[in-house]
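Asks: Sharing a structure, written as structure tokens. Questions coming.
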């Protein structure tokens, strides 16, 4: 609740800037000479009801500008993204009001629970060029409308975002809704580069405030102040944890049961506990890195950017996307072999302490994993903690994997689950592994 309150305070600060813009715009929008490209998140997080409100925001902004290719004229281009990116013409094709209104009307929702912004950036590279209307003397803005954390490849993989940033006077981000405020603050400010170029609103019905803010930034000599919001908000770690978690240097490998042995309620409780656990660590600066492997009949390795520019938002998004499989299988032996090939061989001999956390309600192993685990533990110096999340998991089997009763945690009741994140965090402080 403290974090959500803090984020809402950030949003309130941005509201005040927009209100000031309403009475003291640096120029009339009709006299702005700007090339503005919109990247629009059309994922399920935006919501079907909000999509027409985003379109209305674009209609209103286009009406305020004078569209054309001459002096004091602006041009608009649009890219939508969810599972894939879609372009809707070039800046040259977006320099008349009739053409722009027609384009806005043609925008379509992706509707997937994916926000592949890197695909949108690659599309931007293709259509936003001088040959397609990008002008040397115009104010150049890239405006992202975002409703949640990014998924897929890192935006700055191979310096993609850095190179695109060099084309524009500013990258502006508009975060819409509680998911953007509570979970995607880091992603959204990372995209813009500075917190002052982000604008959070609690709902799409408040987009008129954002419209005034974008129009103000379209003025030739105006760029918003950038010092009023810190780039990150440090999480408050639980009382009683005896070290500063943000200072720890760990490689944490989460192996999580996604079989159907657990009830839906238990599975959601598992995801919530894991989210609370990893949230406390300093991931964005590389101190701690988190890998995620889900396991049922087969293991699934989830992309988080492990040791290649990983950000906390990637990890939280991956956890949120976990879904149960219609199988009671548990291929833990193969999951450890996947972890070895994907991670241990490359990273386990580096300086970070190695920790595997296996959380399960199912020990119906297709193959006894103890020999494989013992070999990997010896080879790489792995520390292993197991968590019995339901009574269907055999505690004796879990203790044989972790190496002892003190490294197998009981989380079979609501009270025990509520303390699980703190218990795991304190283990990383004490380093009292088996």
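Taken together, the values in this text are just the output of simple stated rules run on the coordinates, not laboratory data. Computed from a predicted structure; not experimentally measured. Note that each Cβ is placed from the backbone with ideal geometry, even for glycine, and that neighbours are counted across all protein chains shown.
Asks: Label region 52-203 by shape, choosing from rounded, prolate and oblate, from the square roots a ≥ b ≥ c of the eigenvalues of the Cα gyration tensor; if a/c is under 1.5 it is rounded, and otherwise prolate applies when a/b is larger than b/c, oblate when it is not.
Replies: Prolate.
Asks: Count the DSSP beta bridges whose two residues both fall in region 2-218, then state the antiparallel fraction as a percent rounded to the nearest 5. Spell out each step's value before the answer.
Replies: Working: 3 of 28 bridges.
Expressed as a percentage, antiparallel bridges in region 2-218 total about 10.
Asks: Between residue 30 and residue 165, what FRET efficiency comes out of the Förster formula 1/(1 + (r/R0)^6) with R0 = 22 Å and r the beta carbon distance, rounded to 0.05? Don't jump to the answer; show the numbers that get you there.
Replies: Working: r = 28 Å, r/R0 = 1.27.
Step by step, r from the Cβ atoms, then E = 0.20.
Asks: Given Cα pairs under 8 Å that are at least 6 residues apart, what percent is the relative contact order of the chain? Write out the running numbers ahead of the final one.
Replies: Working: 874 pairs, mean separation 56.6, N = 434.
After rounding, I find 13 percent.
Asks: Kindly express, to the nearest 10 degrees and within the range 0 to 90, the angle between helix 207-218's C-alpha long axis and the longest C-alpha principal axis of the chain.
Replies: 60
Asks: Put a dot 7 Å past each Cα toward the Cβ at residue 351 and residue 419; how far apart are the dots in nm?
Replies: For the pair residue 419/residue 351, the computed spacing is 3.5 nm.
Asks: Neighbouring Cβ atoms within 10 Å as the yardstick, rank 183, 199 fewest first.
Replies: 183, 199
Asks: What does the helix-only formula give at 222 nm for the chain: each DSSP H stretch with n ≥ 4 adding -39500 (n - 2.57), the total divided by the residues, and the result rounded to the nearest 500 deg cm²/dmol?
Replies: Theoretical 222 nm ellipticity from helices: -10500 deg cm²/dmol.
Asks: Just rank 255, 176, fewest to most, by other beta-carbon atoms within 10 angstrom.
Replies: The fewest-first ordering by Cβ neighbours comes to 255, 176.
Asks: If you stretched the chain out fully between residue 69 and residue 287, how much longer would it get, using 0.36 nm times the residue separation minus the C-alpha to C-alpha distance? Please report the intermediate quantities before stating the final value.
Replies: Details: separation 218, 0.36 × 218 = 78.48 nm, distance 4.87 nm.
Gain in length upon complete extension: 73.6 nm.
Asks: Rounded to the nearest 5, what is the percent of antiparallel bridges among the DSSP beta bridges in the chain?
Replies: Details: 7 of 56 bridges.
For the chain, the DSSP antiparallel bridge percentage is about 10.
Asks: Follow-up. Under the classification rounded if a/c is under 1.5, otherwise prolate if a/b is larger than b/c and oblate if not, where does region 52-94 fall, given a ≥ b ≥ c as square roots of the Cα gyration tensor eigenvalues?
Replies: Here region 52-94 falls in the oblate category.
Asks: Report, to the nearest 10°, how far helix 2-23 tilts away from the longest principal axis of the Cα atoms in the chain, using its own Cα long axis and a range of 0 to 90°.
Replies: 0
Asks: For a quick check, take a GNM of the chain with Cα springs below 10 Å and name the residue from 413, 323, 118 with the largest mean-square fluctuation.
Replies: Of 413, 323, 118, the most mobile in the Gaussian network model is 413.
Asks: What is the list of residues in region 320-335 whose amide nitrogen lies under 20 Å from a point 7 angstrom out from the Cα of residue 298, following Cα to Cβ?
Replies: 321-335
Asks: May I pose another question? Grab the beta carbon distance between residue 368 and residue 308, set R0 = 35 Å, and tell me the FRET efficiency rounded to 0.05.
Replies: FRET efficiency, residue 368 to residue 308: 0.55.
Asks: Along Cα→Cβ, 7 Å out, is where each label goes; now give me the distance between the ones at residue 246 and residue 55 in nm to one decimal.
Replies: Modelled inter-label distance: 4.4 nm.
Asks: Rounded to the nearest 0.05, what FRET efficiency do residue 406 and residue 126 have when you use their Cβ-Cβ distance and R0 = 41 Å?
Replies: Once rounded, the FRET efficiency stands at 0.15.
Asks: Taking the Cα centre of each part, how many Å lie between region 375-430 and region 162-216?
Replies: Region 375-430 and region 162-216 have Cα centres separated by 40 Å.
Asks: How far is helix 264-279 tilted, in degrees, relative to the longest principal axis of the Cα atoms in the chain, given as a value from 0 to 90 rounded to the nearest 10?
Replies: So the helix axis and the longest Cα principal axis differ by about 80 degrees.
Asks: Can you give me the distance in nm between label points at residue 137 and residue 394, each placed 7 Å from the Cα along the Cα-to-Cβ direction?
Replies: Each label point is offset 7 Å from its Cα along the Cβ direction, giving 7.9 nm.
Asks: Moving on to the next point. Rank these for me by crowding, 274, 387, 241, 308, going from fewest to most other beta carbons within 10 Å. All intermediate terms of the calculation are to be shown ahead of the outcome.
Replies: Numbers: 274 24, 387 28, 241 17, 308 11.
Going from sparsest to densest Cβ surroundings: 308, 241, 274, 387.
Asks: Compute the Cα gyration tensor for region 116-225, then decide on rounded, prolate or oblate, letting a ≥ b ≥ c be the square roots of its eigenvalues: rounded whenever a/c is under 1.5, prolate when a/b is larger than b/c in the other cases, and oblate in all that remain.
Replies: Since a/c reaches 1.5 but b/c is at least a/b, the shape of region 116-225 is classed as oblate.
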